[in-house]
1. Does Asn203 satisfy the condition of being within 16 Å of the ligand (Cβ to nearest atom), in a loop (DSSP other than H, G, I, E, B), modelled with pLDDT of 90 or more and more than 34 Å from the chain's Cα centre (by Cα)?
2. Tell me, please, whether a residue that is closer than 22 Å to Leu135 by Cβ and in contact (Cβ under 8 Å) with a residue 60 or more places away in the chain can be found in segment 193-206.
3. crowded, with 16+ Cβ neighbours inside 10 Å, within 12 Å of the ligand (Cβ to nearest atom) and in a strand (DSSP E or B): is that true of His256 in this structure?
4. Could you grab me the full set of residues in segment 155-167 that are among the polar types (S, T, N, Q) and either touching a Gly at 6+ places or on another chain (Cβ under 7 Å) or within 9 Å of the ligand (Cβ to nearest atom) (or both)?
5. From (1) farther than 22 Å from Asn196 by Cα; (2) free of Cβ contacts under 8 Å to residues at least 60 places away in the same chain, pick out the condition that doesn't hold for Ala271.
6. Kindly provide the set of residues from segment 212-253 that are aliphatic (A, V, I, L, M), within 11 Å of the ligand (Cβ to nearest atom) and outside any strand (DSSP E or B), ordered by number.
7. Looking for whichever is farther than 23 Å from Met124 by Cβ, aliphatic (A, V, I, L, M) and open to solvent by 50 Å² or more (accessible area, probe 1.4 Å) here; the options are Ile227, Ile277. Which one fits?
Amino acid sequence: MTPPKHGRRAATPSPARPASVPRTATIGSQHRRTRVAAARSGSAALRPAFAVIAMSFAAAMMVATSVPALAITATDTVARASVYAPAEDTIEYAPQTVEVGSEGVMSPLAAEQYLVEAAPPPIMSQVASLGSVALIDTDAIVWPVQNPTKRSDGFGPRSAPCSGCSSSHDGVDFNPGNGTPVMSIADGVVVLATENGGGLGVNVEVQHNIGGELITSSYAHMQSGSIAVSVGQQVTAGQQLGLVGTTGQSTGPHLHLEMFGADGVRFDGFAWLAARIG
Ligand SMILES: [Zn+2]
């Protein structure tokens, strides 16, 4: 019967292990355990000296940490330091310089890169039956119909298209087709929504605050019963107001869009929209 390998290995002394091998205890090496034990017993004589030093250090730490700082300076008649009047140290440093090669390029920060503006105050619009309504500044502009390229009469003088029609066109005529949705050109508040706007027929007016300027857009000749908003209602750019029709003094289904400022003077809404929408 063969003895277990580990037993035979343990009985065999380590062959000529160099003296410089660290005395780390290795499991299974009885020979080296003995040498480590001998070393420990040799250092036992030094333990009292270490203990005394360690105790002295601990005592010093106790004194240092348990005696308050005030106790040490309590005998001073003049305060040496105060948190209310910190001593000002003056430290002189040689001025620092940075050397830049000739290829270095200065890139100053332009003030225009930081555009910080306070929000402009809202415009107060007087809406019938509602009183004062605040209009928030906006610059998001959209066309009043999906296909704004189809137009008939532009703004300005013209030959009157009907007996009651004006020879000076106060608006722009879009011809996107009967029943096409009519949308608000910008955020705003509805100030007029009537089924009987005289020559303008079914008419909705929306007031806007465009960059701090009071602008009114008027949408005329819409289909009867198509008005989708009410007076005083806040609307957003592109929100449907009604449908293209031919109510009032109109020769065919189209959107008659009038635009004017606070003075009520009509201006060319198409040019104004085209300049802002692009
Ligand atoms: Zn018109």
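1. Numbers: within 16 Å of the ligand (Cβ to nearest atom): yes; in a loop (DSSP other than H, G, I, E, B): no; modelled with pLDDT of 90 or more: yes; more than 34 Å from the chain's Cα centre (by Cα): yes.
In short, no.
2. Looking for residues that are closer than 22 Å to Leu135 by Cβ and in contact (Cβ under 8 Å) with a residue 60 or more places away in the chain, one finds none in segment 193-206, hence no.
3. Values: crowded, with 16+ Cβ neighbours inside 10 Å: yes; within 12 Å of the ligand (Cβ to nearest atom): yes; in a strand (DSSP E or B): yes.
Answer is yes for this residue.
4. The initial filter retains those residues of segment 155-167 that are among the polar types (S, T, N, Q), namely 159, 163, 166-167.
Answer for segment 155-167, where residues must be among the polar types (S, T, N, Q) and either touching a Gly at 6+ places or on another chain (Cβ under 7 Å) or within 9 Å of the ligand (Cβ to nearest atom) (or both): just Ser166.
5. (2)
6. So the first thing to find is which residues in segment 212-253 are aliphatic (A, V, I, L, M), and the list is 214-215, 220, 222, 227-229, 231, 235, 237, 241, 243-244.
Within this subset, residues satisfying the condition of being within 11 Å of the ligand (Cβ to nearest atom) are 220.
Matches in segment 212-253: none.
7. Details: Ile227 fails: open to solvent by 50 Å² or more (accessible area, probe 1.4 Å).
The conditions single out Ile277.
This table checks each residue for (1) aromatic (Phe, Trp, Tyr); (2) surrounded by fewer than 21 Cβ atoms within 10 Å (Cβ to Cβ); (3) over 16 Å from Thr247 (Cβ atoms).
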site	(1), (2), (3)
Val182	no, no, no
Gly198	no, yes, no
Leu214	no, yes, yes
Ser218	no, no, no
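The values are calculated or read from the model by the stated rules, or taken from the named source; none is laboratory data. For clarity, every value in this text was computed on a predicted model and none was experimentally measured. A quick note on method: Cβ atoms are made from the backbone with ideal geometry, for glycine too, and the neighbour counts reach across all protein chains shown. For the accessible areas, the whole protein counts, side chains as well, though only heavy atoms, and no ligand, DNA or RNA atoms are used. Shrake-Rupley method; radii C 1.70, N 1.55, O 1.52, S 1.80 Å.
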